[in-house]
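Structure, as structure tokens:
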Amino acid sequence: MSRKYMPVSCFVALLSAVVLSGCASQSSSSPEKVREALALSENQSVQQYIIGVTDVVRVSVWRNEDLSVSVPVRPDGKISVPLIGDVQASGETPEKLADSVEQRLASYIREPQVSVVVTSMGSHEFTDRVRVTGAVGQPTSTPHRDGMTVLDIVLGSGGLTPFASGNNAMLYRSLDGEVVAIPVRLDDILERGDISTNYSLRPGDILTIPERNF
């Protein structure tokens, strides 16, 4: 069953509302929700790229260079391909788009072989980012990379400040239209080598580190 994910703009807005409304006590979600949200990371490497508006795709037709084209995905979600005209691209994987072009071209040329490569991923510029805020050297928003962990983004943000309450850090993740708060013990990771909460990150994750109460 496919999951429905919250648009990143709504996710960030909801997280801001949570923090500003007095839920800044950094209370975590239920253990069941935390386990479910963390389980998403296990399959992130097999996810297929979904083409979106503003992406640029290269459509190559074997032995038909005059039919090959590099075009942006228009606001209506379509691209224009020589001979066959408009083809729906937004919401499709590169493989499915290639299949669609092949089927349409089959009416004009014999056994077309089409490949599609995304050369610019503009539609995922913000939805595929991860962010860290709070008591770090430099709050950061950076593109997600396979294998990226909590420790990677903290070190890439200049590490914790002297006032950070690292063991009270929280990782926020979208799950089925809600925000799940996952406890992260950064002091244990950095000072004791305990990597049990050095979780793999997913696109859209937000890590927050509060300051200590004096």
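The values are calculated or read from the model by the stated rules, or taken from the named source; none is laboratory data. These numbers were taken from a predicted model, which means no experiment stands behind them. Glycine also receives a Cβ, built like all others from the backbone with ideal geometry; neighbour counts cover every protein chain displayed. Please note that ligands, DNA and RNA were not included when accessible areas were found on the heavy atoms of the full protein model with its side chains. Shrake-Rupley method; radii C 1.70, N 1.55, O 1.52, S 1.80 Å.
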- Residue by residue through region 174-184, which ³J(HN,Hα) values in whole Hz follow from phi under the Karplus form 6.51 cos²θ - 1.76 cosθ + 1.60 (θ = phi - 60°), with glycine and proline marked x? 7, 8, 6, x, 10, 9, 9, 9, 10, x, 10
- Query: Under the Karplus relation 6.51 cos²θ - 1.76 cosθ + 1.60, θ = phi - 60°, what is the ordered set of whole-Hz ³J(HN,Hα) values for region 109-125, x standing for Gly and Pro?
  - Reply: 10, 7, 6, x, 10, 10, 10, 10, 10, 7, 9, 8, 9, x, 5, 9, 4
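For region 83-122, just run the numbers: alpha carbon Rg, then divide by 2.2 N^0.38 Å, N being how many residues it has.
On the way: Rg = 10.7 Å, N = 40, 2.2 N^0.38 = 8.9 Å.
For region 83-122, the normalised Cα radius of gyration is 1.19.
Quick one: what do you get for region 132-179 if you divide its Cα Rg by 2.2 N^0.38 Å? List each step's numbers first, then the result.
Details: Rg = 11.8 Å, N = 48, 2.2 N^0.38 = 9.6 Å.
Relative to the 2.2 N^0.38 Å estimate, region 132-179 comes out at 1.23.
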- Accessible area of LEU155, 1.4 Å probe, to the nearest 10 Å²? 110
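What Kirkwood radius, in Å to one decimal, follows from the Cα pairs of region 36-149? Working shown, then result.
Values: mean 1/r = 0.0623 Å⁻¹.
The answer is 16.1 Å.
Would you mind estimating how fast region 52-105 diffuses translationally, via Stokes-Einstein at 20 °C and 1.002 mPa s with the Kirkwood radius over Cα pairs, in µm²/s? Before the final figure, lay out each step's value.
On the way: Rh = 11.0 Å.
Diffusion coefficient, whole number: 195 µm²/s.
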- Message: Given bins 5 angstrom wide, list per bin the percent of all Cα-Cα distances in region 174-214, short to long.
- Response: 6, 17, 24, 23, 17, 9, 4, 0
- Query: Using a 1.4 Å probe on the protein chains only, how many percent of the accessible area of region 160-214 belongs to carbon and sulfur?
  - Reply: 47
- Item | Cα coordinate range in region 68-214, projected on the principal axes (Å, largest first) | 74, 28, 27
- Sites matching trypsin sites (Lys or Arg not before Pro) across region 115-214 that sit in DSSP coil, with at most 14 neighbouring C-beta atoms within 10 Å: ARG145, ARG212
- Message: Given the whole protein assembly as supplied and a 1.4 Å probe, what does the accessible area of SER141 come to in Å², nearest 10?
- Response: 60
- Share of Cα-Cα pairs in region 128-214 lying beyond 17 Å, as whole percent: 42
